[in-house]
Structure formats: C-alpha cells, structure tokens
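Asks: A single structure is presented below for examination.
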Amino acid sequence: MKPTLSLLWWTVAHVAIALALVFLLCTVAFADAGPEDVVRERVDLIEVNVMYDGEGRYNMAQQIFWEWIGERYRVIDWRTMKVGDQWPQRQWSSVGGIGGYKAVWRDGDVLREVYAPAFRYTETQQGVEGDPEVNDREEGVTRRQLRKPE
C-alpha cells in the first residue's frame, strides 16, 4: 500500500518537530558546559536529506556536505542525523560576515561546527537512479571529507 502525500507530509512534519525539540533540549543541556575543543569547517552547501525505503517508509535522515568543484556540487562527506542538534540553524551573521547556516553536533570528544552559505532540504527514495554520491563513486571521484578531530 502506497502512503498518501498527506501522510508523508504529516510524518515529515512530526519528525521535524521532534528533531527541533531534541535540539532545544540538547542546547539547554550543554549551555553551562565549560570550554571544549571545537572543530570548525566551511563547506559550500549543507543538505538535510530524508531517505525512504522502496515502500515509502522512513529510513534515515542525513546531512550531506557539498563543495562546488569544477562545474557542479560534489559530495565531500555525510553524517547520519542521530539527534536533533545536528539540524542546521540559520546564521544571520557569522565570522567574515557571510551569514548562512551552521550545523553543530558532538563528534567523539569534540564539538563539530560546519558552516555553509547555502542550505537545502531533500527527500529521496532508495533504489532510485541519479544519486549524485553514487555517481561520483562510480566515476572514481575521491572525496575530501571533513577534517578529523585532533
């Protein structure tokens, strides 16, 4: 049975609300934390992608980090969104005055901050042709990847 469009939007809306609430709780929980190591990085685009299986059921949410290379965006790395505090937040001003978006999450023993001037939200279904990351892999494109925490 295929889900209706309204059921998919209802699911996406509730997932987004749940992620926002978890983000708020995590923000409050870490507000009084002392100094810690922060790994900061800049990319050209942060994408939040919600993936569904072949039957249209929610599978996972991920952040995909892109750089403009040559004539198009190329995937440099991705992370599964395990908690809502990874959801990129709009930054009206930032270092260098570029604004944009910032994703923050705990990456092992450090706090990771990734900035980008652009953001997009997508939904995809597994098994559908045209996945840019899969295309890059098939072309032998090597990803830069996010910096490793020191």
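Asks: Please order ILE76, ILE69, ILE46 by the number of other Cβ within 10 Å, starting at the fewest. Let's see the in-between values first.
Replies: Details: ILE76 19, ILE69 14, ILE46 23.
Sorted ascending by nearby Cβ count, the order is ILE69, ILE76, ILE46.
Asks: Quick query: amide H of GLY99 versus all other amide H atoms, modeled in the peptide plane; which residues come in under 5 Å with a sequence gap of 5 or more or a different chain?
Replies: Placed amide hydrogens put SER94 under 5 Å from GLY99.
Asks: Tell me, PHE65, PHE119 in order of fewest to most beta-carbon neighbours within 10 Å? Numbers along the way, then the final one.
Replies: Values: PHE65 23, PHE119 16.
Least crowded to most crowded, the residues run PHE119, PHE65.
Asks: At a 10 Å Cβ-Cβ cut-off, how would you order TRP78, TRP87, fewest neighbours first?
Replies: Values: TRP78 17, TRP87 21.
Listed from fewest to most nearby Cβ atoms, that is TRP78, TRP87.
Asks: What FRET efficiency comes out for the pair ILE69/TYR121, r = Cβ-Cβ distance, R0 = 25 Å, nearest 0.05? Write out the running numbers ahead of the final one.
Replies: On the way: r = 22 Å, r/R0 = 0.89.
After rounding to 0.05, the efficiency reads 0.65.
Asks: Tell me the net charge near GLN145. Cut-off is 13 Å between Cβ atoms, GLN145 excluded, with +1 for each Lys or Arg and -1 for each Asp or Glu.
Replies: Value of the local net charge: +1.
Asks: Given R₀ = 30 Å, FRET efficiency for ARG137-GLN91 by Cβ-Cβ distance, to 0.05? Before the final figure, lay out the partial values.
Replies: On the way: r = 31 Å, r/R0 = 1.04.
The value I calculate is 0.45.
Coordinate-derived values only; no laboratory data. Everything numeric here is computed off the predicted structure, so don't read it as measured data. Note: ideal-geometry Cβ built from the backbone for every residue, glycine included; neighbour counts use all protein chains shown.
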